[in-house]
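Asker: Quick one: this structure, given as structure tokens, is what I'll be asking you about.
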Amino acid sequence: MARNSYYQSAHWRALKRATHERDGWRCVVPGCGSSKGIVCDHIRTRPNVDHPTPFDVLTNTRTLCGTHDRKVKETASGQRRGGGALFVQGTDEHGRPRDPAHPWNRPRP
Ligand SMILES: [Zn+2]
């Protein structure tokens, strides 16, 4: 995330707080729920400007833990790491276990 003065603004502080309040101060990645090192992440990357934009709204923010933030954090070129896909190790993007032998994946009677 490129740093600019927007991230010192009252607008950003209020948006960040509202995002964390909505998400219960926990990472929103299915199956994660960690509160360690949480950050407020823009789902769609905001333009690197110092004033509020249409990207700076609750529908475009989410709480991520430090681990998941590092997984998708933009590179210097602005690309999302891992294509922006977020999941807990061993699960798919819905938080379901990838292991076909996991009890959740057994056929139902
Ligand atoms: Zn997480």
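Asker: Working from Cα positions, state the angle (0 to 90°, nearest 10) between the long axis of helix 10-22 and the longest principal axis of the chain.
Answerer: Once rounded, the angle reads 20 degrees.
Asker: D for the chain, whole µm²/s, Stokes-Einstein with Kirkwood Rh over alpha-carbon pairs at 4 °C and 1.567 mPa s: what number?
Answerer: Working: Rh = 15.2 Å.
The diffusion coefficient I find is 85 µm²/s.
A short reminder: the numbers here are calculations on the coordinates, not readings from a lab. All of these numbers come straight from a predicted model, not from anything done at the bench.
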